[in-house]
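Some notes on the structure that comes next.
The values are calculated or read from the model by the stated rules, or taken from the named source; none is laboratory data. Computed from a predicted model, the values in this text were never measured in an experiment. Positions of Cβ are backbone-derived with ideal geometry, glycine not excepted, and every protein chain shown enters the neighbour counts.
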Amino acid sequence: MKEPQSALAALLRTAVTAAFGAEHAGVDPMVRRSERADYQADLAMGLAKTLRQSPRQVAAAVVAAADFGSLCDRVEIAGPGFINFTLKTSALEQGVAALAADERLGVPRPASVDRVVIDYSSPNVAKEMHVGHVRTTIIGDALARVLEFIGHEVIRQNHIGDWGTPFGMLIEHLLDLGGGETRGHSSLGELNEFYRAARVKFDADPEFADRARQRVVLLQAGDTRTLELWRKLVAISELHFFSIYEKLGVTLSPADIRGESSYNSMLAETAAELERLGLAKINDGALCVFAPGFVNREGEPLPLIVRKQDGGFGYAATDLAALRYRTQTLHGTRLLYVVGAPQAQHFAMVFAVGELAGWLKPPVRAEHVAFGAVLGADKKMLKTRAGDTVRLVSLLDEAVERAEAELVRREPNGDPAVRRALAPQIGIGAIKYADLSNDRIKDYVFDWDRMLAAEGRTGPYLQYAHARIHSIFRKAAEGGIVRGGAGAIVVVEPAERALALELLGFGRAVTDAAETLHPHRLCGYLYDLAVAFSAFFEACPVLRAPDEPTRDSRLALCGLTARALARGLDLLGIQAPERM
Ligand code: ARG
């Protein structure tokens, strides 16, 4: 049997066609969970406008045109034209039973499998990752996990900034420090200092600046010694990136790195192809593509610069080569770029040029998965008290420390080893949930107390809900109760009904997050599920249920909830400990 909400939607679509003709077959039935009944459909209002009829009339015609009898006990038209559905309890019970038997918890397989190329994290070499990088890493990783679980093929691309003019000064600075011969600057915390010092010298010392420029030429010409030094810088940075990835628990591996440097050999031919296609023209000495529709503030055509006046290739050229590579070589069908909102125009232009060049054509699509900034309490970019950008390492370490302090506060005599194991799961989970639960396109305020709170829309709250269910299971086991008996799930109490309905929404929540690329929808769903569980647990004793079949049924509901929470958190990259 189909999950009831989808089944209702399908029935409604058929009914609309029957009542008003096939031209309305594509209408969105707008079915959602409802306070007044189990589900409600809001399609009548929109249809009424197109049909120039009253919404209630439209609703009545739709209801009359389909047989909801196998699925629903009651179908009612309410208010301006809402259609309210109350499921047959047997349909609900069958739905939950099917869910319990399904490894995938009701997540449907995709109609067609995408080859998703997802560009995320993508920090810059010789610069420390800062809090701005946390968003792309966390959001990108959650999306990669969700898409993979659904059954798409996911290719991660860590487009690290490992090429370009800054490397001239960085290499020269490395040499000045004698770092060419020694282990170099392997102390990760010094990366920012290293970059800053190189920059200061570059600005103050013309002789150094000159050497730096020559070094860029050597680098681009593939000089062996220069490449060796460059590789040293990249290696130090990668150590730093992966120490962060490990703390964060993200799925990026060294094999996912395909940095800007890897496109170096493709830049000239990418430019040549754009020229051959008649798309790129020399303008003021630079090779540019003017894509229709892009203008600057003065209303003049805005170029995407493929090759600069000095013959060098920049960020845009690299992204054009990467787009070409991702479509023509990797054969991606859905390209995702998880990059901050300020780069929206850059990607719009790169995609437009890709379309003009024929690299990007339907059904292949490219999407900029944009996100807003992380703000401090003062609603400005998050800064340290001293006014510096917050280093990601210190942020993550602080999260773990705070989580551990909270565990001490709650249980001063608890086992320190247990605490040490739990603290990273809670602290990092809190950061991730706080980041993911906000609509990504908006800025959000970073607030330790709020994200670590045991109540409300937080990582710890969801983790507690999950751990609490496992504590019920432990008590059951102590009492010799065997879970997972043959008994069926029976839905009697309103709180059981509400929980069962919530559980049935799991597949939809996951699919929805993947289609819209909005992880906050899955976050919201998991919170609603935890709240429904909590209400159920309060109203319906589990181990002290009135009789054995009821107890087993409730235990089965608990089991299903624990699975949904653990799976959902895992898709967000958040751990779900069984004890807290
Ligand atoms: N390294 C860039 C930055 O830190 C992000 C790169 C994003 N990906 C891309 N294909 N442009 O801003």
Item to check | Residue ID - surrounded by the fewest Cβ atoms within 10 Å (Cβ to Cβ), chosen from residues in region 42-63 that are assigned to a helix (DSSP H, G or I) and among the charged types (D, E, K, R) | outcome: K49
Checklist outcome for this item: The number of residues in region 1-41 that are aliphatic (A, V, I, L, M), in contact with a strand residue (DSSP E or B) (Cβ under 7 Å, 6 or more places away or on another chain) and not in a loop (DSSP other than H, G, I, E, B) is 5
Checklist outcome for this item: The condition of being at negative phi and more than 22 Å from the chain's Cα centre (by Cα) holds, among A348, A352, A370, only for A352
Checklist outcome for this item: Pairing a residue in region 273-288 that is on the phi > 0 side of the Ramachandran plot with any residue that is modelled with pLDDT under 95, where Cβ atoms lie under 6 Å and the two sit 6 or more apart in sequence or on different chains, gives G285/Q309
Next on the checklist: Looking only at strands (runs of 3 or more DSSP E) that lie completely in region 64-155, which have at least 1 residues being within 16 Å of the ligand (Cβ to nearest atom)?
Outcome noted: 115-119
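Every residue, every condition in (1) outside any helix (DSSP H, G or I); (2) surrounded by fewer than 18 Cβ atoms within 10 Å (Cβ to Cβ); (3) among the acidic types (D, E); (4) at pLDDT 90 or above, yes or no:
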| site | (1), (2), (3), (4) |
| --- | --- |
| S186 | yes, yes, no, no |
| N192 | no, yes, no, no |
| K201 | no, no, no, yes |
| Q214 | no, yes, no, yes |
Next on the checklist: With the requirement that a residue be of a type in the set (S, T, N, Q) and surrounded by fewer than 20 Cβ atoms within 10 Å (Cβ to Cβ), what does region 535-580 give you?
Outcome noted: T550, Q575
Checklist entry - For region 360-396, which residues satisfy the criterion of being touching a helix residue (DSSP H, G or I) at 6+ places or on another chain (Cβ under 8 Å), modelled with pLDDT of 90 or more and outside any loop (DSSP other than H, G, I, E, B)? => result A366, H368, V369, A370, F371, V374, L395, L396
Next on the checklist: Against the condition crowded, with 23+ Cβ neighbours inside 10 Å, in contact with a Leu (Cβ under 7 Å, 6 or more places away or on another chain), modelled with pLDDT of 95 or more and not polar (S, T, N, Q), how does A126 come out, does it pass?
Outcome noted: no
Next on the checklist: Looking at region 273-289 only, could you name the residues that are within 16 Å of K308 (Cβ to Cβ) and either modelled with pLDDT under 95 or surrounded by fewer than 19 Cβ atoms within 10 Å (Cβ to Cβ) (or both)?
Outcome noted: E275, K281, I282, N283, D284, G285, A286
Next on the checklist: Just the residues that are closer than 16 Å to A562 by Cβ, among the hydrophobic types (A, V, I, L, M, F, W, C) and assigned to a helix (DSSP H, G or I), please, taken from region 455-498.
Outcome noted: L462, A465, A467, I469, I472, F473, A476, A477
Checklist entry - Looking at (1) free of Cβ contacts under 8 Å to residues at least 24 places away in the same chain; (2) in a helix (DSSP H, G or I); (3) not β-branched (V, I, T), can you tell me which one G222 breaks? => result (2)
Checklist entry - Within region 304-359, which residues are assigned to a helix (DSSP H, G or I), of a type in the set (V, I, T) and either free of Cβ contacts under 8 Å to residues at least 24 places away in the same chain or in contact with an Asp or Glu (Cβ under 6 Å, 6 or more places away or on another chain) (or both)? => result T318, T329, V350
Checklist entry - Residues of region 348-386 being of a type in the set (A, V, I, L, M, F, W, C), surrounded by 20 or more Cβ atoms within 10 Å (Cβ to Cβ) and within 13 Å of the ligand (Cβ to nearest atom), which ones? => result M349, V350, F351, A366, V369, F371
Checklist entry - Which members of region 216-242 meet the condition of being closer than 16 Å to Y195 by Cα and among the polar types (S, T, N, Q)? => result S237
Item to check | Residue that is farthest from P4 (Cα to Cα) [pool: residues in region 485-534 that are over 26 Å from the mean Cα position of the chain (by Cα) and surrounded by fewer than 16 Cβ atoms within 10 Å (Cβ to Cβ)] | outcome: G485
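Looking at L287, is it away from the ligand (no atom under 16 Å from the Cβ) and in contact with a helix residue (DSSP H, G or I) (Cβ under 7 Å, 6 or more places away or on another chain)?
yes
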Next on the checklist: For a quick check of your reading of the model, give me the residue pairs whose first member lies in region 125-136 and is farther than 15 Å from K432 by Cα, whose second is among the hydrophobic types (A, V, I, L, M, F, W, C) and within 12 Å of the ligand (Cβ to nearest atom), with beta-carbon atoms closer than 9 Å and at least 6 apart or on different chains.
Outcome noted: V125/I160; V125/W163; V125/F241; M129/F241
Item to check | Set V445, V408: member being touching a residue at least 40 places away in the same chain (Cβ under 8 Å) and of a type in the set (A, V, I, L, M) | outcome: V445
Checklist outcome for this item: Within region 10-23, residues surrounded by fewer than 18 Cβ atoms within 10 Å (Cβ to Cβ) and either farther than 19 Å from S34 by Cβ or in contact (Cβ under 8 Å) with a residue 24 or more places away in the chain (or both) come out as T14, T17, A18, G21, A22, E23
Item to check | Filtered residue count, region 406-442, keeping only those that are buried (at least 20 other Cβ atoms within 10 Å of the Cβ), assigned to a helix (DSSP H, G or I) and basic (K, R) | outcome: 1
Checklist entry - Just wondering, is there one or more residues in region 545-553 that are among the hydrophobic types (A, V, I, L, M, F, W, C), in contact (Cβ under 8 Å) with a residue 12 or more places away in the chain and under 24 Å from G479 (Cα atoms)? => result no
Checklist entry - If you take the residues in region 314-341 that are over 21 Å from A144 (Cβ atoms) and either in contact with a Ser or Thr (Cβ under 7 Å, 6 or more places away or on another chain) or modelled with pLDDT of 95 or more (or both), which one is farthest from the ligand (Cβ to nearest atom)? => result Q328
